[in-house]
Every structure is written in structure tokens, then in C-alpha cells.
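The values are calculated or read from the model by the stated rules, or taken from the named source; none is laboratory data. All of these numbers come straight from a predicted model, not from anything done at the bench. A quick note on method: Cβ atoms are made from the backbone with ideal geometry, for glycine too, and the neighbour counts reach across all protein chains shown. Just so you know, the surface numbers come from the protein's heavy atoms only, side chains and all, with ligands and any DNA or RNA stripped out. Shrake-Rupley method; radii C 1.70, N 1.55, O 1.52, S 1.80 Å.
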Amino acid sequence: MNPSVDTSVSSAIARSGTALRTGIARLLDILLPRHCLMCGLASGEKNLCEPCRGDLPRTAHRCLLCGLPLPGRGDTRCGACVQRAPPWDRVVAALDYGFPTDVLVKRFKFRRNMACGEVLGEELERALLKAVSTGTAPDAVVPVPLHRARQAFRTFNQSEVLARKAARSLGIPLKPRLLLRHRQTHAQSGLDARSRRRNTRGAFHCRCNQARGVRHAALVDDVMTTGATLDACTRELKRCGIREISVWVAARAPPP
């Protein structure tokens with residue numbers, strides 16, 4: 001078969017599958033209306049009702065390097081990042097890690113509530129569509145990996161779920177096996193910044209053969225706190241020749 005014809009057939013099949021899934025989802029929303037994850041009231045086709053969605057803590061103006069809120073719109077970097085810039089090149093953070101974002105993250109991450117993950121993914125997608133439209137799109141989307149033992153226990157990687165949705169919506173290749181966590185680390189929650197850096201040092205490995213042709217990668221995680229995990233991942237990706245790293249997170253926590 002002609003390769004171009006083969007590609008067209010594959011694309012048509014993929015579009016048909018997407019349309020079918022969308023149609024089924026809409027039918028289920030009609031037959032079984034959703035209820036808001038936060039207040040429990042009917043929410044139509046969405047997982048959050050409009051008032052609760054309006055309560056999500058979004059910050060319009062953030063530091064381009066660490067994602068923390070900035071007081072003035074004239075600034076692009078906070079004082080800490082001016083003095084000591086992180087190894088990545090920019091940050092896109094969809095939400096602040098405060099109520100109700102923290103509830104959504106914990107239910108998604110620890111209770112396997114995929115509806116909460118869908119809300120976080122939608123918010124990240126909204127922030128990314130705005131950010132990517134004004135800049136250069138990455139060549140690949142890379143989720144922060146879990147160690148295989150922790151992923152087996154949790155049954156999924158929350159960062160990969162978010163990364164997959166972002167990659168699909170933006171039409172960017174997903175590389176879920178480019179970066180591996182080859183050393184199991186302690187949970188970062190409860191650790192101070194220095195302990196977090198020590199905990200993640202040497203924990204990640206980039207498959208350099210899969211990094212060929214990738215000049216700009218987007219590193220995706222659910223929450224950014226001190227940035228220790230993202231710092232270790234970024235340095236490992238750059239070790240393999242990836243020049244530019246964008247960090248995409250669903251939520252940005254305030255400094256501990």
C-alpha cells in the first residue's frame with residue numbers, strides 16, 4: 001500500500017475512534033449527569049460546577065522561572081530567581097496549591113480519582129494553550145517518572161496522566177520512557193528544601209539515545225514545591241544534550 005494512503009487511513013481511523021469516544025461520553029453525561037466534585041451539586045458535563053470552578057486559585061502573573069506569584073505586572077522574574085536562576089528555562093503553572101486545588105491533587109494522587117485528574121489536566125491545558133501560543137512549542141513532553149515499585153503500588157503515574165493529556169491537546173510527541181527513576185526515594189512531603197535535594201540526587205536517568213533530535217522538552221509534574229525533583233530531572237535531561245527545558249505543573253505550592 002502507498003505509505004501516504006496508509007497514513008491517511010490510520011488518521012481517519014484515529015479520528016473515528018476519537019469521535020466515537022466523544023459521542024459515548026456525551027451520551028453518558030445526558031443519561032447520568034455529573035455532580036460537582038467539591039460541592040456535590042449537579043454540574044452537567046463538567047466535573048466541577050461553575051461556582052466551584054470559579055473558586056480555583058489561578059494567578060495571572062507569575063515569575064517565569066519559578067512560577068510563584070509576582071506582585072507587579074512589570075516584573076517577569078522574582079528576586080530569588082534573578083540572584084540564582086534554576087536550571088530550567090521557564091515554568092507554566094496552572095493553579096496555586098491551595099484550597100480546593102490541594103483536595104483535587106490528593107484525591108487524584110492517593111485515591112486514584114481520575115475525575116480530579118481530569119480537572120487538573122483541563123486547567124493545565126488551558127494555561128498551556130495560552131503559553132505555547134506566545135512561545136515556541138517543545139519537541140517532546142516528558143513526565144516526571146515514578147520508581148517502578150511505587151508505580152506498581154499506586155497503579156499509575158499521575159504526572160504521566162497529565163503529560164499525556166497535554167501532549168495530545170497540543171499535538172506534541174509524548175516520551176514517557178525518556179526519563180527513568182532508577183533509585184527509589186523517600187516521599188518528598190515533610191522534607192525541607194535541603195533534604196529534598198539530597199533525596200533526589202542521582203535518582204533519575206535519561207536515555208540519551210531517545211533524546212536525539214529533542215532540542216526543547218517539556219517536563220510535566222503535578223505539583224511544584226521546592227523544585228528539587230524538577231531540578232534533578234532537568235539536569236539529567238540537559239546532560240543528554242537537550243538544550244531547553246520548560247516545566248509544566250498543574251499546581252505551584254508556596255515556599256515551605
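Based on this model, can you work out whether LEU104 counts as assigned to a strand (DSSP E or B), touching a helix residue (DSSP H, G or I) at 6+ places or on another chain (Cβ under 8 Å) and open to solvent by less than 20 Å² (accessible area, probe 1.4 Å)?
So LEU104 does not fit the description; no.
Within region 225-254, how many residues are within 18 Å of LYS109 (Cα to Cα) and surrounded by fewer than 23 Cβ atoms within 10 Å (Cβ to Cβ)?
Final tally of qualifying residues: 2.
Please determine, by comparing only the residues of region 138-152 that are without any contact (Cβ under 8 Å) to a residue 60 or more places away in the chain and among the hydrophobic types (A, V, I, L, M, F, W, C), which one is most open to solvent (accessible area, probe 1.4 Å).
Result: ALA152.
In this structure, is VAL214 in a helix (DSSP H, G or I), surrounded by fewer than 23 Cβ atoms within 10 Å (Cβ to Cβ) and at pLDDT 95 or above?
Details: in a helix (DSSP H, G or I): no; surrounded by fewer than 23 Cβ atoms within 10 Å (Cβ to Cβ): yes; at pLDDT 95 or above: yes.
No: the conditions fail for VAL214.
Among what's in region 56-101 and is among the hydroxyl-bearing types (Ser, Thr, Tyr) and within 18 Å of the chain's Cα centre (by Cα), pick the residue that is surrounded by the fewest Cβ atoms within 10 Å (Cβ to Cβ).
Per the criteria, the residue is THR59.
Quick check: is even one residue across region 225-236 under 28 Å from CYS116 (Cα atoms), under 16 Å from the mean Cα position of the chain (by Cα) and in a strand (DSSP E or B)?
no
Any residue in region 163-182 that's in contact (Cβ under 8 Å) with a residue 12 or more places away in the chain: show its pairings with residues that are among the charged types (D, E, K, R) and buried (at least 16 other Cβ atoms within 10 Å of the Cβ) at Cβ separation under 7 Å, as long as the two are six or more apart or on different chains.
LYS165/GLU125; ALA166/GLU125; SER169/GLU125; LEU174/ARG164; PRO176/GLU160; LEU179/GLU236
For the subset of region 153-182 comprising residues that are assigned to a helix (DSSP H, G or I) and hydroxyl-bearing (Ser, Thr, Tyr), which member is surrounded by the fewest Cβ atoms within 10 Å (Cβ to Cβ)?
Top of the filtered list is SER169.
Need the failing condition index for GLY98 against (1) touching a helix residue (DSSP H, G or I) at 6+ places or on another chain (Cβ under 6 Å); (2) over 19 Å from ALA228 (Cα atoms), just the number.
Against the list (1) touching a helix residue (DSSP H, G or I) at 6+ places or on another chain (Cβ under 6 Å); (2) over 19 Å from ALA228 (Cα atoms), GLY98 comes up short only on (1).
Would it be correct to say that ARG53 is of a type in the set (Lys, Arg), out of contact with any Asp or Glu (no Cβ under 6 Å at 6 or more places or on another chain) and within 18 Å of PRO255 (Cα to Cα)?
No, not satisfied.
List every residue pair whose Cβ atoms lie under 7 Å apart, where the two residues are 6 or more positions apart in sequence or sit on different chains, the first residue falls within region 237-249 and is more than 22 Å from TYR97 (Cα to Cα), and the second residue, located anywhere, is at pLDDT 95 or above and acidic (Asp, Glu).
Here the result reads GLU244/ASP89; ILE245/ASP89, each pair linking region 237-249 to a residue that is at pLDDT 95 or above and acidic (Asp, Glu).
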